[in-house]
Amino acid sequence: MVHFVGAGSGAADLITVRGARLLGEADVVIYAGSLVNPALLDYTKPGCEIHNSAEMTLEQVLEVVKAAEAAGKTTVRLHTGDSSIYGAVREQFDQLERLGVAYDVCPGVSSFCGAAASLKAEYTLPDVSQTVIITRAAGRTPVPERESIRSLAAHGATMVLFLSTSLAEKLQDELLAGGYAGDTPAAVVYKATWPDEKVFRCTVGTLAKTVADNGLTKTALLIVGGCLGEEYQRSRLYDPTFTTGCRQGTSDQP
Ligand code: SAH
């Protein structure tokens with residue numbers, strides 16, 4: 001059996017209770033060493049076999065899994081954040097299906113949620129944006145043309161950019177060309193929820209400079225949108241005059 005486990009965004013105690021239990025029970029752990037906090041390995045039991053997938057190919061990962069299965073062992077494949085976001089898990093699922101190996105998935109706190117906590121931000125503010133676009137700039141990994149930053153920027157929605165720190169200059173140009181005003185609030189969150197986290201607030205117009213001035217190259221998210229600003233409407237959900245399925249509204253204005 002293979003359990004895919006989301007490690008969370010950094011802090012070792014941000015893994016789920018289930019994820020920590022699975023790690024504690026595993027005979028073999030294959031963890032994404034480039035991004036997973038090694039402190040998470042403290043949850044493993046003595047004698048647990050540990051592999052760092054940052055130094056492995058998909059084929060090598062599968063070899064480790066196959067050997068574990070043959071010995072009747074349980075494997076945890078530990079991915080950073082939540083494995084559904086840039087986790088390269090689908091190709092693993094399909095190979096395990098082909099091999100007839102049972103697996104399941106335990107979600108984790110994605111770094112875009114970790115970063116929202118670091119920023120004390122709400123991505124979906126009434127009248128500002130009700131949409132979060134999770135994307136990346138095209139670099140060595142291509143992005144379909146219909147998802148160009150320029151075209152996504154036209155929505156003016158909250159946008160969270162993964163894997164794009166080293167492309168910040170071009171990215172900034174595209175965000176501006178797509179329609180965000182230069183003074184749209186933005187932020188760069190480096191190692192969200194790690195002990196050495198750093199948060200930089202800026203604007204779309206100063207995004208690339210913020211990245212460059214602080215020497216940021218990786219393990220950072222770029223976040224853009226009015227949700228990081230000061231203007232918003234309060235929610236209907238907690239408005240005294242608004243009736244919900246759980247509460248009768250009154251005529252009193254707040
Ligand atoms: N599955 C992961 C993302 C993996 S892609 C998740 O759900 O978070 C790797 C990219 O995620 C990094 O290049 C960086 O852009 C972002 N990232 C991962 N952890 C991060 C963190 N703690 N703080 C900021 N960005 C992070």
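The values are calculated or read from the model by the stated rules, or taken from the named source; none is laboratory data. Quick caveat, the model's predicted, so the values are computed rather than measured. Note that we place each Cβ from the backbone using ideal geometry, even for glycine, and neighbour counts take in every protein chain shown.
Computed quantities for the displayed model
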| quantity | calculated |
| --- | --- |
| Subset tally (residues that are away from the ligand (no atom under 14 Å from the Cβ) and under 18 Å from L221 (Cβ atoms)) for segment 144-175 | 11 |
| Of all residues making up segment 104-132, the number that are part of a strand (DSSP E or B) and surrounded by fewer than 18 Cβ atoms within 10 Å (Cβ to Cβ) | 2 |
| Some residue of segment 42-61 being touching a Pro at 6+ places or on another chain (Cβ under 7 Å), closer than 27 Å to T141 by Cβ and modelled with pLDDT of 95 or more | no |
| Near pairs, Cβ below 7 angstrom, 6+ apart or cross-chain, from segment 93-115 (of a type in the set (V, I, T)) to any residue that is more than 16 Å from the ligand (Cβ to nearest atom) | V101/V2; V101/V65; V101/E69 |
| Check on G205, away from the ligand (no atom under 16 Å from the Cβ) and crowded, with 18+ Cβ neighbours inside 10 Å | no |
| Evaluation of V189 against (1) within 13 Å of the ligand (Cβ to nearest atom); (2) farther than 30 Å from A12 by Cα; (3) at pLDDT 95 or above (one fails), failing number | (2) |
| Failed condition for T74, given (1) touching a strand residue (DSSP E or B) at 6+ places or on another chain (Cβ under 8 Å); (2) buried (at least 17 other Cβ atoms within 10 Å of the Cβ); (3) over 23 Å from Y190 (Cβ atoms) | (2) |
| Residue within segment 82-92 that is over 17 Å from G6 (Cβ atoms) and assigned to a loop (DSSP other than H, G, I, E, B) present | no |
| Among the residues listed as D239, D213, D183, the single one being away from the ligand (no atom under 16 Å from the Cβ), without any contact (Cβ under 8 Å) to a residue 40 or more places away in the chain and touching a strand residue (DSSP E or B) at 6+ places or on another chain (Cβ under 6 Å) | D183 |
| Residue in segment 69-78 that is under 24 Å from K218 (Cβ atoms), within 12 Å of the ligand (Cβ to nearest atom) and in contact with a Phe, Trp or Tyr (Cβ under 6 Å, 6 or more places away or on another chain) present | yes |
| Looking only at segment 1-34, and only at residues there that are modelled with pLDDT under 95 and not polar (S, T, N, Q), the one that is farthest from the ligand (Cβ to nearest atom) | G33 |
| Residue match in segment 107-127 (condition: more than 16 Å from the ligand (Cβ to nearest atom), polar (S, T, N, Q), farther than 17 Å from T203 by Cα and in contact with a Cys (Cβ under 8 Å, 6 or more places away or on another chain)) | yes |
| G156 vs. criteria in contact (Cβ under 8 Å) with a residue 24 or more places away in the chain and crowded, with 16+ Cβ neighbours inside 10 Å | yes |
